[in-house]
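As structure tokens, the structure follows; a few thoughts come after it.
Readers should treat all values here as calculations from the given coordinates under stated rules, not as data from a laboratory. Worth saying up front: this structure is predicted, and the values here are computed from it rather than measured. Virtual Cβ from ideal backbone geometry, glycine too; neighbours counted across all protein chains shown.
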Amino acid sequence: MPGLAEYLLAMRGCARLARFDASFLNYFDRSSAGARRSFGIAVPVYFYYLALILNPTEGGPVEDFGRYLFSMTVGYVFLWISFPLLLLAIGELTDWRDRVVGTISVYNWSALLTVALHLPIFALKYLGWWLPVASILDIVALIYVLVLSGFVLRCALGVKLVPTVLLVLGDFALSQLIIQPTFTYLGHLP
């Protein structure tokens, strides 16, 4: 788990990242140990994820709550490890090998920025306030996060635009089109 000093530095890095300031990389431990510790961010982010999946305004009824929660938790773990594993595999096939581990660290920390961005939107939707505005903000936030992910990948890996776009699309497809729907379906089975 990351320590308090690492959290504070990462928050400064995330603030710079939010402004698309390339100096954000200087605030993250991009070593192997730092990358391993960055997976500890999954723990506090999990509580936000729980709020999302337990939101009574989203989805249909759940017949077996325990199985649903277990399925969604396993899906959450897959969400956290799938893209880093893809990056490691691609790194072995390219000249990015020496930059992939540091990229994973920064990518994981950027999840805190994503939560900070989506939390107010989630609150608006949960409370039922300004639902049309919240829906539009959801789309704008998604686009912002995709561009932000691309910025992280481009800066941390030092790659050109086309590989960056392909990586962002790969991450999106992996998480939103494969893993999340699969585990949601498994959680709703009778």
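On C-alpha positions alone, give me the angle between the axis of helix 131-157 and the longest principal axis of the chain, in degrees, nearest 10.
Between the helix axis and the principal axis of the chain, the angle is about 20 degrees.
If you plug each phi of the range 114-124 into the Karplus form 6.51 cos²θ - 1.76 cosθ + 1.60 with θ = phi - 60°, what whole-Hz ³J(HN,Hα) values come out, in order, with x for Gly and Pro?
With coefficients 6.51, -1.76 and 1.60, one gets 4, 5, 4, 6, 7, 4, x, 5, 4, 4, 4 Hz.
Calculated FRET efficiency, Ile178 and Ala42, Cβ-Cβ r, R0 22 Å, to nearest 0.05?
0.70
Give me the distance in nm between label points sitting 7 Å out from Cα along the Cα-to-Cβ direction at Leu88 and Ser31, one decimal.
1.9 nm
Gap in Å between the Cα centre of the range 79-99 and the Cα centre of the range 1-25?
Using only Cα atoms to place each centre, the spacing works out to 22 Å.
Report which label in [x] 60, 33, 29; [y] 47, 43, 30; [z] 48, 35, 33 holds the value of Cα extents along the principal axes in Å derived from the coordinates of this structure.
[z]
Rounded, prolate or oblate: which fits the range 127-169, taking a ≥ b ≥ c as square roots of the Cα gyration tensor eigenvalues, rounded meaning a/c under 1.5, else prolate when a/b beats b/c?
Since a/c reaches 1.5 and a/b is larger than b/c, the shape of the range 127-169 is classed as prolate.
Take each of the peptides 118-124, 106-112, average the number of other beta-carbon atoms within 10 Å over its residues, and list them starting from the highest.
106-112, 118-124
At a Förster radius of 30 Å, what calculated FRET efficiency corresponds to the Cβ-Cβ distance of Val165 and Leu4, to the nearest 0.05?
Rounded to the nearest 0.05, the efficiency is 0.25.
Treating the beta-carbon of each Lys and Arg as +1 and of each Asp and Glu as -1, no other charges, what is the dipole magnitude of the range 28-139 about its Cα centre, to the nearest 20 debye?
260 debye
Could you tell me how many degrees, from 0 to 90 and to the nearest 10, lie between the Cα long axis of helix 4-18 and the main elongation axis, the longest principal axis, of the Cα atoms of the chain?
90 degrees
Report the extension gain between Tyr144 and Thr73 in nm, rounded to one decimal, defined as 0.36 nm multiplied by the number of residues separating them, less their alpha carbon distance.
23.0 nm
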